[in-house]
Each structure stands twice: as structure tokens, then as C-alpha cells.
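Structure, as C-alpha cells:
Here, each number is a calculation from the coordinates, and none is a lab measurement. It should be emphasised that the depicted structure is a prediction, and the values quoted were computed from it without experimental measurement. Note: ideal-geometry Cβ built from the backbone for every residue, glycine included; neighbour counts use all protein chains shown.
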Amino acid sequence: MKVAPNSSENQGERLIVPDLAPIRLDWPAGAMIGLPAKESAKKLADLEPLFLDRAAFHALDPELVVYRVRSWTPVQPGSEGGLFWGVTILEPGKVGKEYFMTHGHFHSNPTRAEYYCGVQGHGLLLRMDHQRSTSAEEMRSGTLHYIRGEHAHRVVNVGDEPLIFWACWGSDAGYNYGAIREHGFGARVLERDGRPVVISDE
């Protein structure tokens, strides 16, 4: 915070001027309003190596947006001690029988954990350790998830509406996407008999 100097008209008063412009949140809609907020999108083409059914993948529009991420990064990435804040909106859909999902990643710094909080939709949070042991937990409105820094994590939308979840993570956590692109996740989520089923991908 910065303290504005006194003028002759406001002697004895201290005006607090914020270092950062404020962000406004529309929590249920997954909206971040304010100039510092950034948005990125992942299209189907960006996720090409991830899906099992290659024929079904190539039958879909590669420009289809699978998910959007809105974030506020008030300090430089890699800065120790800072926090980032963001929201992901993961669309419903499938490639063949496999539900739409985020790319998934490890943190470059395995000591940095993360929180996810579901606000809309129905999904599964997949976690994978470095031995590729993978588990899943249900995400719905109001669920709060603590993700250990050494666990890779991916979210799958198993519902019929956008899955929206907020996140908070360390500014020096970093991202390791390469391990997932090269080796994949230890499990997949497919539709079988009209419901999601987690299957081993080993």
C-alpha cells in the first residue's frame, strides 16, 4: 500500500492508495472483472495427444473451445511467497466416449499445493502421484479440494453443463505439462451405460 502525501487541505489525514487495481468476482458465473484479469482458452486442437479415440477426435472441429481459464497474477510468475487466483470453465462434451477434460499438469515446484472449489456443474478431479497411482474425487457446487504439490491434477466434466471451479495456487508453483503429454495420466474417464466410469490407462 502507498500513503499519499498530505496537502494543505487535508492536514492530519492519510489517504491509502492501493498498489494493485481491484478485481471483482462473479462467483457463480466464473467471471473476473477488472483490467488485471487475463483469459486464455484451450481448443480441441491444443489437446490432441490426450484423447484415446483418434478417429472421434479428428471428426470434431479443432477450433472448438474445451475450456477457458481466467486468472489474476498480481506478482511475477516464479516470485516466492505470492498467490495467484483463477477460475476454469470446462465445457460439457465428449470425444467418442471420453469426457472433455483439462490438460492436467504437475507443479514444477512439488512443495506448492493448490485449492480447487467447485461452484457449478458435475465433474471429477483426478490426482496422480509420481508412481502413476491415480485417484478420483467428485466435484460439485460447494466442494473444496486440497491438491498436494507433488500430485498431477486434471479435471473432467462428466455433466451436461459447464463445470466451473475456482483455484488458488502459489506464484512459484510453476507448471509441468510435458510429463502428461509424454506419459499421459494413470486413468481415464469414459461413459459406459450412460454414466462416467474411471478406468486404468496403464
| query | Does region 93-166 come out rounded, prolate or oblate, given a ≥ b ≥ c as the square roots of the eigenvalues of its C-alpha gyration tensor, rounded meaning a/c under 1.5 and, failing that, prolate meaning a/b above b/c? | reply | oblate
| field | Read-out Cα Rg over 2.2 N^0.38 Å, derived from the coordinates shown; its label in (i) 1.20; (ii) 1.93; (iii) 1.16 | value | (i)
| Dipole in debye (nearest 20) - the chain, about Cα centre, beta carbon charges: Lys, Arg +1; Asp, Glu -1 | 80 debye
| request: Using a/c under 1.5 as the rounded threshold, could you call region 131-202 rounded, prolate or oblate? The axes a ≥ b ≥ c are square roots of the C-alpha gyration tensor eigenvalues, and prolate needs a/b larger than b/c, oblate otherwise. | output: oblate
| query | Cα to Cα, under 20 Å, and not fewer than 8 places away if on the same chain: which aspartates and glutamates meet these conditions relative to K42? | reply | D53, D61, E63, E91, E98, D160, E161, E182
| message | From the helices alone, meaning DSSP H stretches of at least four residues, give me the mean residue ellipticity at 222 nm for the chain, per-run term -39500 (n - 2.57), in deg cm²/dmol to the nearest 500. | response | -1000 deg cm²/dmol
| query | Which whole-number percentage describes the relative contact order of the chain, with Cα contacts under 8 Å and a sequence gap of 6 or more? | reply | 21 percent
